[in-house]
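Every read-out reported here was derived from the displayed coordinates using simple, explicitly stated rules and does not represent laboratory data. Model, not experiment: these values are computed from the prediction. Positions of Cβ are generated from backbone atoms using ideal geometry, with glycine treated the same way; all protein chains shown enter the neighbour counts.
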Amino acid sequence: MSNNTFYITTPIYYVNAKPHLGTLYSTLIADTLARWNRLMGKKVFFLTGSDEHGQKMYEQAAKHGMSPQQFVDSMDQVFKDAWKTYQIDYDGFIRTTDPIHKHAVSYFISKLKEQGDIYKAEYVGQYCVPCEAFMTLSSDMPIDAHGKPLCPTHKRPLQEIAEESYFFRLSAYQDQLLEFYENNPNFIIPKERLHEVIAFVKSGLKDLSISRKTVSWGVPFPGDPSHTVYVWGDALTNYLSAIGYGQSSSQAQQQFATWWPVQVHVMAKDIVKFHAVYWPAFLMALKLPLPKHLLVHGYILVDNDKMSKSVGNAVDLNLLGTTYGTDQIRYYLMRQMAITHDGSFSLEDLETHLNAELANNLGNLLNRTVSLALSNKVLKVKAPSHWSHASMHLFHNAEETYRAYWDAMSHGMIHVALAHLWKFISSVNAFFHEQKPWVTVKHDREQFEETISATCHSLYMIGVLLSPVMPIKARELLAALGKTIDAALNYDTQFRSDDCWNRTFTLEHTPKPLFARIEPAVATAPDVPPATTPQAVSGHQDAINIEDVTKVHLVVGTIRSCEPVTGSDKLYKMQVDLGEYGQRQILAGVAKVCPASDLIGKQGVYVANLKPRKLMGLESQGMMLFAEDEQGMMRMTTVGYPVKNGTRLR
Ligand code: MSP
């Protein structure tokens, strides 16, 4: 790997449920850093993917009445769609069910076996299926009513497993690992997390069970297909398999040589042990160079709980994106959640920040500048032959901001970089205010034009620096100045050059506001098309009275479960929580045109006072409302903002 290449990865996510804010957060960090490095002129490979093997997936598939392969195939698209919605611009998407990946895993295990790093023995341990890991029992573990230990994260009973297993000689790498940490104090960012890892390794490493006899959904263990490779052994290998490892073609080998070792593995603190201990030990055994850095972030908490699909408190990403705009969510997560700490997510906080920082500070500045220039016939904005002291001061500030932004981004501290940028945006606002171009335009045209030009130069830098975080909004901002991002340019050279403050901007029309203001707690989607002229209905022959409307109880409820009805290819049976209207069994004939994964956990709208009726021998206790889209898919009707179950529509 040369200095001009940058390989960055996200964890590969379990596909037993849809992506949520937590998984989006890691993916956004990696996407933002990948985009930043491309901007800095580097050749980038950004890898994400899905972890599709193991007991968890097997059980989830069975719940949906699907084969494991059918199930993971259906979820694969759900992840890709979510990443597309949020502008995640990955270069590779690896699935652990991909043939090249399975081949690389067999190759890797066979190699370890051949060189004597693997042996077979009996294993007895306590296993947590959602974690896909054996747990070490400790006195501070939560327990159930019978005194049995529970997983601290998932609060679920552990399974005692006693079976024959293959083991990796992890213990043999203890000293080498400690030496590596010692020589690479910046291996983990932030540094503090390395201490925990060192303490864990020093406490003594046990050999690692790397096969499972009772899990059939996995990569067959080389030489002994009665076992499958342990999911973490399988999963970690994705970072190699996606870039050609284990393949013999010269093209694959070239690809591997280009990208390995990886520059940054992004993850939350839950999986540091796997990446900081097991993974380097595997790589040492393979005699491959070790990753340069692990960028470890905190958790996003909702109601003080770590958001995860197993815990089941996920916020719906599609709803969030359509309500607030996906770039706005990207911004909020990258700015307000400090990578180094856990962060709480709340809609109130989100709305406050979007209004203050995006609509007021940035959006208004762009709008005021461009509209003032255009209303005074300035269409081409040029640099003056000499900049005044005030402008020079602003640019000095800009140069410092650039260096601070660069430095923070080079260390993965995106929230710090954005804080610097917003400080600069405030200075530009202050500059604009002090220079009063709406006054100078009346008596000092030269000064007026200079103020517009200095502000446009500043906005240009802001737009470019923002592009890794808000790619769509940055493009709109730059377009308003007659600029685009040029993928062939090295923007580091650009912003460090003396020519930086000598640009020309072309203004054509006052841009529509970059960010719509959000009315507190009544979020309006920013890009809602203007309402069409209402059609008069009074004379319509089907017109009804308000009394007719109030007869129907339209009620909001959350779908707790949804499964196909045996013997029918159309019907779903759902359990819906309708709050004070109770838990209802509702049948809907949409199985062919609406994936169950689109429904589970979502709030829909139901007719709650419809007489029960029987379908296929089962009682349906209400009716769920759907809308058919142009492709004939049924889309559930929902509310734009989460409300209490049982809320009646009015
Ligand atoms: N499949 C393994 C990873 C294998 S990588 C070789 C796995 N998958 S996961 O779906 O459970 O994802 C865990 C990762 O998702 C965390 O490390 C983190 O990157 C992200 N997050 C999941 N919940 C999160 C929060 N509540 N907050 C922040 N990140 C979260 O573990």
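Can you say what percent of the DSSP beta bridges in the chain, counting only those with both residues inside, are antiparallel? Round to 5.
So the antiparallel bridges in the chain amount to around 70 percent.
Between ASP407 and ALA199, what is the spin-label point distance in nm, taking each point 7 Å from the Cα along the Cα→C-beta axis?
Between ASP407 and ALA199, the simple spin-label model gives 3.1 nm.
So which helices of the chain fit the span-like rule, where a helix is a whole DSSP H run, its Cα atoms reach 24 Å or more along the axis, and its mean Kyte-Doolittle is at least 0.0?
21-39, 414-435, 445-466
If you stretched the chain out fully between SER371 and LYS644, how much longer would it get, using 0.36 nm times the residue separation minus the C-alpha to C-alpha distance?
Additional length available on full extension: 93.9 nm.
In nanometres, what is the gap between the two model label sites at THR550 and CYS500, each 7 Å from Cα along Cα-to-Cβ?
My value for the distance between the label points is 6.6 nm.
Assuming a ≥ b ≥ c are the square roots of the Cα gyration tensor eigenvalues, decide whether the chain counts as rounded (a/c under 1.5), prolate (otherwise, with a/b larger than b/c) or oblate.
In terms of gyration-tensor shape, oblate.
Evaluate the relative contact order of the stretch 167-239 (contact order divided by residue number), counting alpha-carbon pairs under 8 angstrom at least 6 apart; express in whole percent.
Computed over the stretch 167-239, the figure is 29 percent.
Which of the lysines could be linked to LYS213 by a straight reach, that is with a Cα gap under 16 Å, when you skip same-chain ones fewer than 8 residues away?
LYS56, LYS120
Sort LYS473, LYS377 by Cβ crowding within 10 Å, fewest neighbours at the top.
Ranking LYS473, LYS377 by Cβ neighbours within 10 Å, fewest first, gives LYS377, LYS473.
Students often get this wrong, so check it: of LYS551/LYS611; LYS43/LYS269; LYS18/LYS269; LYS436/LYS473; LYS377/LYS442; LYS382/LYS483, which have C-alpha atoms separated by over 18 Å?
Violating the 18 Å Cα-Cα cut-off are LYS43/LYS269; LYS18/LYS269; LYS436/LYS473.
Rounded to the nearest 5, what is the percent of antiparallel bridges among the DSSP beta bridges in the stretch 239-383?
So the antiparallel bridges in the stretch 239-383 amount to around 20 percent.
Taking +1 at the Cβ of each Lys and Arg and -1 at the Cβ of each Asp and Glu, which of LEU418, TRP406, HIS393 sits farthest along the dipole of the stretch 368-436 towards its positive end, judged by Cα position relative to the Cα centre?
My answer, from the dipole projection, is HIS393.
Counting Lys and Arg as +1 and Asp and Glu as -1, each charge on the Cβ, what is the dipole of the chain about the Cα centre in debye, to the nearest 20?
That gives the chain a dipole magnitude of about 460 debye.
Collect residues whose amide H, placed 1.01 Å from N in the peptide plane, falls under 5 Å from the amide H of MET623; neighbours closer than 5 in sequence don't count.
When sequence neighbours closer than 5 places are left aside, the close amide H contacts are VAL607, LEU610.
Modelled label-to-label distance, ASP577 and GLN70, 7 Å Cα→beta-carbon offset: nm?
Label at ASP577, label at GLN70, 2.9 nm between them.
Among ILE143, GLN77, ILE94, which residue has its Cα furthest toward the positive end of the charge dipole of the stretch 65-160, with +1 on Lys/Arg Cβ and -1 on Asp/Glu Cβ?
ILE143
Only sites in a loop by DSSP and with at most 12 other Cβ atoms within 10 Å count here; which chymotrypsin sites (Phe, Trp or Tyr not before Pro) in the stretch 364-412 make the cut?
Passing both the DSSP loop test and the Cβ count: no residue.
Relative contact order of the stretch 367-480: what whole-number percent is it, with Cα pairs under 8 angstrom and at least 6 residues apart?
Relative contact order here is 30 percent.
What's the longest piece of the chain with no exposed GluC sites (Glu not before Pro), counting a site as exposed if DSSP puts it in a loop and it has at most 15 other beta carbons within 10 Å?
1-507
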